[in-house]
Amino acid sequence: MSSITPIAVSERNAAKLLDMPVGSFRDLVSNGILPRPRKIGPLERWDADELRAILRGQMIDGYEDVKW
């Protein structure tokens, strides 16, 4: 059975993707360095592809002024 690659991740898993503590991830989000989550019903989720793009140094819409 093949595994499913998540397209949206929780705050905890987003921090894990970037190998950082949740508190550090939360600080980067609140300071506008990382994107805010998207609402899916009552849930807040981060776009996993956006986080991967940031790690590769690629621009994402709305964050053109941030130096990755």
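The values are calculated or read from the model by the stated rules, or taken from the named source; none is laboratory data. Please read all numbers here as calculations on a predicted model, not as lab measurements. So basically every Cβ, Gly included, is an ideal-geometry build from the backbone, and we count neighbours across all protein chains shown.
Please find, within the stretch 33-60, the residue that is farthest from residue 5 (Cα to Cα) out of those that are surrounded by 12 or more Cβ atoms within 10 Å (Cβ to Cβ) and among the small types (Gly, Ala, Ser). Among those residues, the one meeting the criterion is 53. Of the helices (runs of 4 or more DSSP H) lying entirely inside the stretch 2-67, those containing at least 1 residues that are in contact with a strand residue (DSSP E or B) (Cβ under 8 Å, 6 or more places away or on another chain) and modelled with pLDDT of 90 or more span 11-17, 48-55.
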